[in-house]
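Structure first, then comments.
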Amino acid sequence: MKFLVGQIPGGTAVFLVSGDSAINLTEQDSSLGPDLLGVMTSGKTLDELQDISTRGRSVPVASLKPALPIASPGMTICLGLNYVDHVKEGGYEIPKYPVFFMRTQRSLMPAGAPMMRPACSEQLDYEAELMVVIGKAGKHITPEEALNHVFGYTIFNDGSVRDFQRKSHQWTSGKNFDATGAIGPFVVSKDALPEGAAGLKIESRVGDEILQSATTSDMMWSVASTISAVSEFAALCPGDLIAMGTPPGVGHAKIPPRWLRDGETIEVEIEGIGICANPVVNEVKL
Ligand code: MG
């Protein structure tokens, strides 16, 4: 099943998407709440959600303005250096343990919202990524059990400001500029995708210029092993998000570098999930 959290007057609502149309689930059952965390904690099964949707009226997906699938994730943790050829293009060593970093809430925005090109840097870069939406809490999760904790998958563009990312060995500033990390617009439940979302084509582009093109099977740490590794040190809770790292072809590794420019629209597509498109807009200094 495919979900979209959309903006409605006065808030947000969860829509069930089928083809080009969508049905407002929250309108039919307010216990589902305004975002996917509400749906997950409601205890409703996918079949029950399908039943609820039969009572609603259809609207065109194109008429919906996406919101973040999870309004306030408890944790947004990201993997760096998870595709071998991306490690090499960045001049890094192959890591022996997943390279984790966190993203703040204010660095994130939904698909469709402006991606802010900061006033202090010209080096805004894109990163196409698979994102895992955790649906079930756990700690010390084994790789064998890990996929039981997944609700579904969405798309992430881990927008990065490279000169700031490399100012120190901590990537925090370059990975947390306001409104640079795009999520969505769709979350696809895990049953509708291959196990661990493996083998999906992943691509980023501006217009017809293809910037990255790879498959999620090229990830060094799988979704299952990553969940297991995170849960060794941090409890996972419904609504937590895990970004799985980006394949090769990022802008800083191209010759000459291919930075995002004001007025462009950056798209990330993952097979079976959809397209996350965001216009790039220069920051206006207040
Ligand atoms: Mg990344």
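Can you list the trypsin sites (Lys or Arg not before Pro) in the stretch 251-286 that are in a DSSP coil and have 11 or fewer other beta carbons within 10 angstrom? The qualifying sites are 285.
The HN-Hα couplings worked out from phi for the stretch 135-146 by the Karplus form 6.51 cos²θ - 1.76 cosθ + 1.60 (θ = phi - 60°) are x, 9, 5, x, 9, 6, 7, 7, x, 5, 8, 4 Hz, whole numbers, x standing for Gly and Pro. Split the accessible area of the chain by element, probe 1.4 Å, and carbon with sulfur accounts for 53%. A straight line joining the Cα centroids of the stretch 236-257 and the stretch 148-167 runs 5 Å. Taken as Cα centroids, the stretch 260-286 and the stretch 58-75 sit 16 Å apart, rounded to the nearest whole angstrom. The relative contact order of the chain comes to 24 percent, based on Cα pairs under 8 Å that sit 6 or more residues apart.
Counting only residues at least eight positions apart within a chain, or on another chain, the aspartates and glutamates with an alpha carbon under 14 Å from that of residue 139 are 232, 240. Our helix-only sum for the chain, with -39,500 (n - 2.57) per DSSP H run of n ≥ 4 divided by its residues, gives a mean residue ellipticity at 222 nm of -3500 deg cm²/dmol. Once the 1.4 Å probe is applied to the protein heavy atoms, the chain comes out at 43 Å² accessible per residue. Sorting the segments 58-71, 232-245 by their mean number of nearby beta carbons within 10 angstrom, highest to lowest, gives 232-245, 58-71. A cut-off of 5 Å between modelled amide H atoms, ignoring neighbours fewer than 5 places along the same chain, links residue 115 with 280, 281.
The value of relative contact order for the stretch 2-63, using C-alpha pairs under 8 Å at least six residues apart, is 32 percent. To the nearest ten degrees, helix 223-233 and the longest principal axis of the Cα atoms of the chain are 80 degrees apart.
Say we join alpha carbon atoms closer than 10 Å with springs in a Gaussian network model of the chain; which of 197, 224, 119 then has the biggest fluctuation? Of the options given, 119 has the highest mean-square fluctuation.
The values are calculated or read from the model by the stated rules, or taken from the named source; none is laboratory data. What you see is a predicted model; the values in this text were computed from it and never measured. No Cβ is skipped: glycine too gets one built from the backbone with ideal geometry, and neighbour counts run over all protein chains shown. Please note that ligands, DNA and RNA were not included when accessible areas were found on the heavy atoms of the full protein model with its side chains. Shrake-Rupley method; radii C 1.70, N 1.55, O 1.52, S 1.80 Å.
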